[in-house]
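Contents: one structure, followed by commentary.
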Amino acid sequence: MPDPSTTLDALRRRDDAALRRVVEANTRKLYRAARGMGHSNEEADDLVQEVFLTFMSSLDRFEGRSAVSTWLYGILLRKVQERRREATRERTHDPIDEAWEANFTADGMWLRKPVDAESALTASQIGEAIRGCMDGLPAPARDVFVLRQIEGLSAEEVRNILHLTITHIGVLLHRARLRMRACLDGKGWRTS
Amino acid sequence: MMKCREVSTLVSTGDVETAPLGRRMRVWLHIAMCRHCRRFRRQLEQLRQRARAAADEAAAAMPADLPERVLRQLPRE
């Protein structure tokens, strides 16, 4: 594995081999994340190209404190946010919180007990259902869900990308998971 | 003894990963003894796996020449 500081120097010199390594290692991940955040194939294609262009113009500001991939996800997130018509504001209240509470007795024990998820759906139907349910997630929760659950980033890495507190990231992940669970429950993936 | 609501919320937010050792141990002890919370945790793991598979399926549509197109358009100066 190349030394990160050597890689950074090579990238700053626009070294072809270093650029190729970064592009080849990250294009698919960025494309997948863009699709996960609700963009079409064409939009994801555009976004990936824009991300790398911005990456090149911002290379001198990149200090190498985070991984290159984290830096690229950060650029992608800003592009995705720019493309969203309405600015998303941090929501302090979400109706899903009450739906979650309704799962428990006053003593905090399960009222609607979880069951082993059963499904008569095929793998491709489940994939379809999941993508459909993700389309229903509010933007910030969807971003956290994609980065944490699909791209496998830690809460710390997501904090560096989205500039939210770890607590807020946790709340958004929790809400996204609950919404997904409730949505999939209505599509044949029984949860309780 | 921690309650199901607290345990399952800690698991779902991911806060359990960074909780102090004592708290983490109380969570795992509860999960070891509570089949409902075990099922809930399993559901979240299945959801993660299924979402990842669904995303990989969608990303399979990525044109094979995209990395080359990206490389071609990058300014070298």
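Within the stretch B:30-74, track down each residue that is more than 7 Å from every other protein chain (Cβ to nearest Cβ), without any contact (Cβ under 8 Å) to a residue 24 or more places away in the chain, of a type outside the set (Lys, Arg) and closer than 23 Å to A:LEU111 by Cβ.
Once the filter is applied, which keeps residues that are more than 7 Å from every other protein chain (Cβ to nearest Cβ), without any contact (Cβ under 8 Å) to a residue 24 or more places away in the chain, of a type outside the set (Lys, Arg) and closer than 23 Å to A:LEU111 by Cβ, the stretch B:30-74 yields B:ALA32, B:MET33, B:GLU45.
Of everything in the stretch A:97-138 that's hydrophobic (A, V, I, L, M, F, W, C) and touching a strand residue (DSSP E or B) at 6+ places or on another chain (Cβ under 8 Å), which residue is most open to solvent (accessible area, probe 1.4 Å)?
Residue satisfying both the conditions and the ranking: A:LEU111.
Within the stretch A:69-88, can you find the residues that are touching a helix residue (DSSP H, G or I) at 6+ places or on another chain (Cβ under 9 Å) and either at pLDDT below 85 or farther than 20 Å from A:MET37 by Cβ (or both)?
Across the stretch A:69-88, the qualifying residues are A:ARG83, A:ARG84, A:GLU86, A:ALA87, A:THR88.
Taking only pairs six or more apart or across chains, which ones have beta-carbon atoms under 9 Å, a first residue in the stretch A:139-154 that is closer than 14 Å to A:ARG32 by Cβ, and a second residue that is crowded, with 22+ Cβ neighbours inside 10 Å and of a type in the set (Phe, Trp, Tyr)?
Partner pairs satisfying both residue conditions: A:LEU147/A:TYR73; A:GLU151/A:TYR73; A:LEU153/A:TYR73.
For A:ARG20, indicate whether it is part of a helix (DSSP H, G or I), more than 19 Å from the chain's Cα centre (by Cα) and at the interface with chain B (Cβ under 10 Å from one of its Cβ atoms).
Yes, satisfied.
Taking the residues in the stretch A:155-167 that are within 14 Å of A:PRO140 (Cβ to Cβ) and open to solvent by 50 Å² or more (accessible area, probe 1.4 Å) as candidates, determine which candidate is modelled with the highest pLDDT.
Among those that are within 14 Å of A:PRO140 (Cβ to Cβ) and open to solvent by 50 Å² or more (accessible area, probe 1.4 Å), it is A:ARG159.
Could you tell me which residue of the stretch A:1-44 is most open to solvent (accessible area, probe 1.4 Å), considering only residues that are modelled with pLDDT under 90 and in contact with an Asp or Glu (Cβ under 8 Å, 6 or more places away or on another chain)?
A:ARG12
If you check A:GLY188, A:GLY170, A:GLY152, which single one turns out to be surrounded by fewer than 16 Cβ atoms within 10 Å (Cβ to Cβ) and under 14 Å from the mean Cα position of the chain (by Cα)?
Going through A:GLY188, A:GLY170, A:GLY152 in turn, the sole match is A:GLY152.
Among the residues of the stretch B:44-56, is there at least one that is under 26 Å from A:ARG21 (Cβ atoms), of a type in the set (Asp, Glu), open to solvent by 20 Å² or more (accessible area, probe 1.4 Å) and not in a helix (DSSP H, G or I)?
Scanning the stretch B:44-56, I find no residue that is under 26 Å from A:ARG21 (Cβ atoms), of a type in the set (Asp, Glu), open to solvent by 20 Å² or more (accessible area, probe 1.4 Å) and not in a helix (DSSP H, G or I), so the answer is no.
For residues in the stretch A:45-58 being more than 10 Å from chain B (Cβ to nearest Cβ) and more than 19 Å from the chain's Cα centre (by Cα), which is surrounded by the fewest Cβ atoms within 10 Å (Cβ to Cβ)?
A:SER58
Anything in the stretch B:1-23 that is among the basic types (Lys, Arg) and within 7 Å of chain A (Cβ to nearest Cβ)? List them, or say none.
Within the stretch B:1-23, B:LYS3, B:ARG5 qualify.
May I ask you to list the residues in the stretch A:59-69 that are in a helix (DSSP H, G or I) and open to solvent by 10 Å² or more (accessible area, probe 1.4 Å)?
Those that are in a helix (DSSP H, G or I) and open to solvent by 10 Å² or more (accessible area, probe 1.4 Å): A:ASP60, A:ARG61, A:VAL68, A:SER69.
The values are calculated or read from the model by the stated rules, or taken from the named source; none is laboratory data. These figures come from a predicted structure and were not determined experimentally. Neighbour counts run over all protein chains shown; Cβ positions are idealised from the backbone, glycine included. In case anyone asks, the SASA skips ligands and DNA or RNA and just uses the protein heavy atoms, side chains included. Shrake-Rupley method; radii C 1.70, N 1.55, O 1.52, S 1.80 Å.
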